[in-house]
Amino acid sequence: MDNELAPTPTAPSGAPLPAAPAWLAGWQRRLSGVAMPPATEEDFWAEVSISPALGEARVVEGTALREVTFLWEGDEPEVMVHINSLTDAHRHDITPALLERIPGTRIRHISYLLPEDILAGYRFVTDTHIPRDVGAARPGWKRIHERGVPDPRNPRTLPHPLGETSSMLVMPGFAAHAAWDPALPARHRGERRTLRTEPHVSPARTVFLYTPPEAVNRLLVLFDGDRWDALNLPDALDRFGAPGLAVAMVSAISPEDRQSDLPHPERIAAILRIEVLPAVAETLGQVLDPARIIVAGQSYGGLAAGALVLEHPDIAHTGIVQSGSFHFRADTEPSPHAEEPGDVSERLASRRPGPQTGRLIMQLGSEEGILVPQGRLLRDRARAAGYPVSYREVRGGHDFAWWSHGLFTALEEALHPAGA
């Protein structure tokens, strides 16, 4: 299964296409007293209480888009909106992300044409002055992440790795997975417990282990376990209700440990083989065959999941690869803009074709830049080597917002493969 998307139409700067919603122009005239009936800021917020506000839909270059207006109330000299991955496309000049003030009011606004089916995290950043080239270097962009705050008029949020909370832009066409709907009843009630690994290869780490009420017959090993536990994955697993599926959410320990572990297949294989899987097996009271184990991850974790299936079939035979960093090269400074194929992809290119034990379920966000062509290349090379690969692109960035839903879509495919 392949689902490739055409690039999202953007402005020449790489920013989202600007929009000028008629409804907002009407309010601006009323607030200024030009149009009747006149209006106050209180009138505006009473009617436009939810942010972002959606406007008209249109099709640009074959892509369904819709007017989206982000709103802020305050006296701060400058306000910008940081939409995960979309703002990154013009981080060397953040001018297109700065909100405008409606004269004489505390209302600030910015409007874009965004995909009808996108799900993305976003935050607001306020300051006396935001350097226009703040994203030219990594430290400056990291500060933008850290200083961002959620939208007070948007109740839909998720934890942010470099700050407390992000807001979620959920467009009408996004296909949300029911497992994340808190209004739905649980299909079963699993148990969450906390394990600690023995520090043989790496420092001791936490594993959050979810076990179903019935006997375990499948295991999902999920990287970045702290993040998934913060997202309340166990509750979603209860609603998902996969019989016999246990889930080991493996902590990254720290950003530094994550970088030294996940992109290096030999090291992460040793960590799982010697530390994580024995701890899980002891708690479960059984050792699961690799054919019954799924590994899943995002970014460096996606790279790790793919590499384990491709190079260490004694650990797992199925990999859920979300936004895999297949540009990573151990001998090169990590960069999200690297254009050369990474180590795992290059080793795969020299693999002799033949029957393979593993399979990959790959997902990528349309706004992830170089990761998209690198992911497509890895898919093609894996297939040429004999691996079954399903491949799907969604409208989104490098973002837990859609990863969380895509994880369950991929799990359904892993647990119930076509033709099985």
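The values are calculated or read from the model by the stated rules, or taken from the named source; none is laboratory data. Since we're looking at a predicted model, the values are computed, not measured. Using ideal geometry, Cβ is built from the backbone for each residue, glycine included, and neighbour counts are taken over all protein chains shown. Heavy atoms of the whole protein, side chains included, go into the accessibility calculation; ligands, DNA and RNA do not. Shrake-Rupley method; radii C 1.70, N 1.55, O 1.52, S 1.80 Å.
Looking at (1) open to solvent by less than 10 Å² (accessible area, probe 1.4 Å); (2) touching a residue at least 60 places away in the same chain (Cβ under 8 Å), which one does residue 65 not meet, given that it meets all the others?
(2)
What strands (runs of 3 or more DSSP E), lying completely within the stretch 136-229, carry at least 2 residues that are more than 30 Å from residue 49 (Cβ to Cβ)?
191-196, 206-211, 218-223
Taking the stretch 226-268 on its own, how many of its residues are among the hydrophobic types (A, V, I, L, M, F, W, C), farther than 17 Å from residue 177 by Cβ and under 18 Å from the mean Cα position of the chain (by Cα)?
Just the residues of the stretch 226-268 that are among the hydrophobic types (A, V, I, L, M, F, W, C), to begin with: 228, 230-231, 233, 236-237, 240, 242, 245-250, 252-253, 262, 268.
Pick out the ones that are also farther than 17 Å from residue 177 by Cβ and you get 230, 246, 248-250, 252-253, 262, 268.
Remaining after also requiring under 18 Å from the mean Cα position of the chain (by Cα): 230, 249-250, 252, 262.
Residues that pass the stated criteria total 5.
Given the structure, is residue 108 open to solvent by 30 Å² or more (accessible area, probe 1.4 Å) and at pLDDT 95 or above?
So residue 108 does not fit the description; no.
Residue-wise test of (1) over 28 Å from residue 395 (Cα atoms); (2) in contact with a Gly (Cβ under 7 Å, 6 or more places away or on another chain); (3) open to solvent by 40 Å² or more (accessible area, probe 1.4 Å).
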{"residue": "191", "(1), (2), (3)": "yes, no, yes"}
{"residue": "198", "(1), (2), (3)": "yes, no, yes"}
{"residue": "213", "(1), (2), (3)": "yes, yes, yes"}
{"residue": "224", "(1), (2), (3)": "no, yes, no"}
{"residue": "263", "(1), (2), (3)": "no, no, no"}
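Before we move on, is residue 173 at pLDDT below 95, among the small types (Gly, Ala, Ser) and under 30 Å from residue 108 (Cβ atoms)?
Considered against the rule, which asks whether it is at pLDDT below 95, among the small types (Gly, Ala, Ser) and under 30 Å from residue 108 (Cβ atoms), residue 173 comes out as no.
Only one of these conditions is not met by residue 143: (1) at pLDDT 95 or above; (2) open to solvent by 20 Å² or more (accessible area, probe 1.4 Å). Which number is it?
Against the list (1) at pLDDT 95 or above; (2) open to solvent by 20 Å² or more (accessible area, probe 1.4 Å), residue 143 comes up short only on (1).
Note down all Cβ pairs under 9 Å where the first residue falls in the stretch 38-49 and is free of Cβ contacts under 8 Å to residues at least 12 places away in the same chain, the second is open to solvent by 70 Å² or more (accessible area, probe 1.4 Å) and part of a helix (DSSP H, G or I), and they're at least six residues apart or on different chains.
Pairs that qualify, where the first residue is free of Cβ contacts under 8 Å to residues at least 12 places away in the same chain and the partner is open to solvent by 70 Å² or more (accessible area, probe 1.4 Å) and part of a helix (DSSP H, G or I), are 38/32.
Quick grid of which residues meet (1) closer than 30 Å to residue 200 by Cα; (2) in contact with a Cys (Cβ under 6 Å, 6 or more places away or on another chain); (3) among the charged types (D, E, K, R):
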| site | (1), (2), (3) |
| --- | --- |
| 295 | yes, no, no |
| 306 | yes, no, no |
| 313 | yes, no, no |
| 329 | yes, no, yes |
| 342 | yes, no, no |
| 350 | no, no, no |
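Okay, residues lined up against (1) free of Cβ contacts under 8 Å to residues at least 40 places away in the same chain; (2) polar (S, T, N, Q):
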| site | (1), (2) |
| --- | --- |
| 311 | no, no |
| 317 | no, no |
| 347 | yes, no |
| 390 | no, yes |
| 393 | no, no |
| 398 | no, no |
| 408 | no, no |
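Run residue 340 past the list (1) more than 30 Å from residue 166 (Cα to Cα); (2) modelled with pLDDT of 95 or more; (3) not hydroxyl-bearing (Ser, Thr, Tyr) and report the number of the one that doesn't hold.
For residue 340, the failing item is (2).
Only one residue in 15, 35 is surrounded by 11 or more Cβ atoms within 10 Å (Cβ to Cβ) and modelled with pLDDT under 95, so which one is that?
On the way: 15 fails: modelled with pLDDT under 95.
The unique qualifying residue is 35.
Yes/no per residue for (1) surrounded by fewer than 19 Cβ atoms within 10 Å (Cβ to Cβ); (2) under 16 Å from residue 259 (Cα atoms); (3) at pLDDT 95 or above:
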position	(1), (2), (3)
282	yes, no, yes
297	no, yes, yes
301	no, yes, yes
304	no, yes, yes
313	yes, no, yes
317	no, no, yes
